[in-house]
Amino acid sequence: MEPVVERIRDERLVAILRRVPDPESVVDALARGGVRVIEITLDSDDAAAVIARLRRREDVSVIAGTVRRPEQVDEAVRAGAEACVSPGLVPEVVERCRSLGVPFVPGALTPTEVERAWSLGAALVKLFPGSAGGPGYLRELVAPLSDVPLIVTGGIDATNARAFLDAGAVAVGAGSSLTGAEDVEAAARELVAAVHGSR
C-alpha cells in the first residue's frame, strides 16, 4: 500500500481546499488542529504551485483533487502530489495515474460505478456526494462491496463524520465545514475529535 493511502486510512480524515484564499495559512490552522492529509483541488488558483510549496512541509501529506483529465495528472505529479482524486471515474485518468505510479481515488456513487472504479485499480474509491444518500445508503452499499475501501466526501462535518465511518467508510473528506469556518483550527479539532474521539 502506498504511504499516502495508508496515512489516509490511518488518519481517516482529508481536508479539501477548493478555491480557498491564502491556502497556506489555512493549512497551518488545519495542521494545528490535528489534520494530517490535505487535498488541493486543481480548480483552485495556482494549485500546482500551492501543492509544491505544501510538499515541503513535513507535517502533512498533500494530494491533488478534481483531477479530471490525463494532462492534469501530469501537472499534479510534477507538483509533487502524493495521489490524485477525481469527482468521477475517467478511465483515461486512471490509466495515466497507473502509468506514472501515483495512487488514484476516483469518485463513484452507484454500486456499478464503485465496482468499476475498484476493478480498474483504484487505491480507494470516493463515494460522492455522500450527502445524497447519507450513512444509511453507505451501509447498504458496503454490505456486498465490503472489500472496497470507500472515502466519503460531500456534506461531511463534525455532526455526521462518525456516522459515515461507523457505516463502513475507511475515511471521510471535509471541505467547507473546515475551510469556511470562522476559526479553522477549532473546526479542525472538533472534526478530528468526532472522527477519532479523544486521542
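Each reported figure results from applying straightforward, stated rules to the coordinates on display, with no laboratory input. Since the model is a prediction, treat every value here as computed from it, not as a measurement. All Cβ positions, glycine included, derive from the backbone under ideal geometry; neighbour counts span all protein chains shown.
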In Hz, Karplus ³J(HN,Hα) per residue of the range 156-165 (6.51, -1.76, 1.60; θ = phi - 60°; x = Gly, Pro) | 8, 8, 5, 7, 10, 4, 5, 5, 5, 5
For n ≥ 4 DSSP H runs only, could you compute -39500 (n - 2.57) per run for the chain, divide by its residues and tell me the 222 nm figure to the nearest 500?
-> -12500 deg cm²/dmol
Ranked highest first by the average count of other Cβ atoms within 10 Å around their residues, in what order do 110-119, 78-87, 172-181 fall?
-> 78-87, 172-181, 110-119
Please list, in chain and number order, the residues 5+ apart from GLY65 or on another chain whose amide H is under 5 Å from its amide H, with Hs placed from the backbone.
-> ILE40, THR41, LEU42, VAL85
Could you give the C-alpha radius of gyration of the range 1-91 expressed as a fraction of 2.2 N^0.38 Å, taking N as the number of residues it contains?
-> 1.00
Among ALA64, ALA143, ALA187, residue whose mean-square fluctuation peaks in a GNM of the chain (springs only between Cα atoms under 10 Å) | ALA143
Which of ALA186, ALA48, ALA123 moves most in a GNM of the chain, Cα contacts under 10 Å?
-> ALA186
Gain in span if fully extended, ARG32 to SER99, counting 0.36 nm per residue against the direct Cα distance | 20.6 nm
Taking N as the number of residues in the range 42-126, what value does Rg over Cα atoms divided by 2.2 N^0.38 Å take?
-> 1.05
THR112 to GLU58: FRET efficiency via 1/(1 + (r/R0)^6), r the Cβ-Cβ distance, R0 25 Å, to the nearest 0.05?
-> 0.05
Jot down the per residue volume, in cubic angstrom and as a whole number, of the convex hull over the alpha-carbon atoms of the range 113-199.
-> 96 Å³
Once Rh for the chain is found with the Kirkwood sum over Cα pairs, what is the Stokes-Einstein diffusion coefficient at 25 °C and 0.890 mPa s, in µm²/s?
-> 150 µm²/s
